[in-house]
Amino acid sequence: MERCQDSGATCYNRHPDIFGQAKALLPREVPVRALSFGCSSGEEVRSLRDLGAPHWRVDGAELQLDLLAKARAADPQGLYVPDARVLPSGQYDAVFCMSVLCRYRAPPQDFPFDTFDRVLGILVDLLRPGGILVLYNAQYDARETRASALLEPVHGEVFGGSGFVPKFTKAMDAELPPALSESVPYLYRKLG
């Protein structure tokens, strides 16, 4: 799997508003299975698990092996994998992809649309029908991907829209103006 993000920076509960919005869209008082894609050293996994306790099982996927080792060391009972493609298709109620599908302050060619499209397809495949995809700080608009036919945007509102990372057109020939960039959804429900 391609490396998408250059940075592994994270912290515990870094997006409480977004996490809370996603939680409100998920079933209550029943088991929820979630994935933190690009989980870094595991803080997001632990944040989400605490948010949904005791009903949430949260797994992590992280390509950078040094960060994956830190996540496993801090949470030896958790499931952490280096490649999301090994996870079962259609088994997740929520996939969180926060500040992963981007290269901040780099030309779009450093993270091409076709890579975004391919990885997003993998994430959507992991979701069960009705599951939630949280795609915050992505470099492109998910509505332009092949997987968009399986996704329905869900209204979610946080200050700054869908993140501070500049968004580019599918053709990578222009950056979206701020007003359009901020209107790109970051919450989706899988149809089916």
crowded, with 22+ Cβ neighbours inside 10 Å and at pLDDT below 90 - does that describe any residue in region 163-174?
yes
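Per-residue answers, yes or no, for (1) crowded, with 17+ Cβ neighbours inside 10 Å; (2) over 17 Å from the mean Cα position of the chain (by Cα):
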residue	(1), (2)
Glu43	yes, no
Leu48	yes, no
His55	no, yes
Val58	yes, no
Ala69	no, yes
Pro76	no, yes
Tyr80	yes, no
Arg85	no, no
Flagged pairs (Cβ under 9 angstrom, 6 or more apart or on separate chains; first in region 131-147, in contact (Cβ under 8 Å) with a residue 24 or more places away in the chain and more than 21 Å from Cys39 (Cβ to Cβ); second surrounded by fewer than 24 Cβ atoms within 10 Å (Cβ to Cβ) and of a type in the set (S, T, N, Q)) are Tyr140/Thr169; Asp141/Ser148; Asp141/Ser162; Asp141/Thr169; Asp141/Ser181; Glu144/Thr169
message = Can you confirm whether Val100 is buried (at least 16 other Cβ atoms within 10 Å of the Cβ), touching a Gly at 6+ places or on another chain (Cβ under 6 Å), assigned to a loop (DSSP other than H, G, I, E, B) and modelled with pLDDT under 95?
response = yes
Across (1) polar (S, T, N, Q); (2) loosely packed, with under 13 Cβ neighbours inside 10 Å; (3) without any contact (Cβ under 8 Å) to a residue 40 or more places away in the chain, Gln109 clears everything bar (3)
So, first residue in contact (Cβ under 8 Å) with a residue 60 or more places away in the chain in region 174-186, second residue among the aliphatic types (A, V, I, L, M), Cβ within less than 7 Å, six or more apart or across chains; the pairs are Tyr186/Val134; Tyr186/Leu135
Log entry, pairs with first residue in region 16-35 being assigned to a strand (DSSP E or B), second being among the basic types (Lys, Arg), beta carbons closer than 7 Å, six or more apart or on different chains, reads Arg33/Arg57
Of (1) modelled with pLDDT of 95 or more; (2) in a helix (DSSP H, G or I); (3) surrounded by fewer than 23 Cβ atoms within 10 Å (Cβ to Cβ), Gly90 satisfies every one except (2)
Residue check: is Asp117 under 25 Å from Gly60 (Cα atoms), modelled with pLDDT of 95 or more, surrounded by 15 or more Cβ atoms within 10 Å (Cβ to Cβ) and out of contact with any helix residue (DSSP H, G or I) (no Cβ under 9 Å at 6 or more places or on another chain)?
no
Checked region 92-105 for anything more than 13 Å from the chain's Cα centre (by Cα) and free of Cβ contacts under 8 Å to residues at least 60 places away in the same chain; matches are Arg105
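For region 109-119, check the following and say yes or no: at least one residue is part of a loop (DSSP other than H, G, I, E, B), among the hydroxyl-bearing types (Ser, Thr, Tyr), touching an Asp or Glu at 6+ places or on another chain (Cβ under 9 Å) and within 30 Å of Glu175 (Cα to Cα).
For region 109-119, residues part of a loop (DSSP other than H, G, I, E, B), among the hydroxyl-bearing types (Ser, Thr, Tyr), touching an Asp or Glu at 6+ places or on another chain (Cβ under 9 Å) and within 30 Å of Glu175 (Cα to Cα): absent.
The values are calculated or read from the model by the stated rules, or taken from the named source; none is laboratory data. The structure presented is a predicted model; accordingly, all values stated were derived computationally and were not measured. FYI the Cβ positions are ideal-geometry reconstructions off the backbone, even for glycines, and counts take in every protein chain you see.
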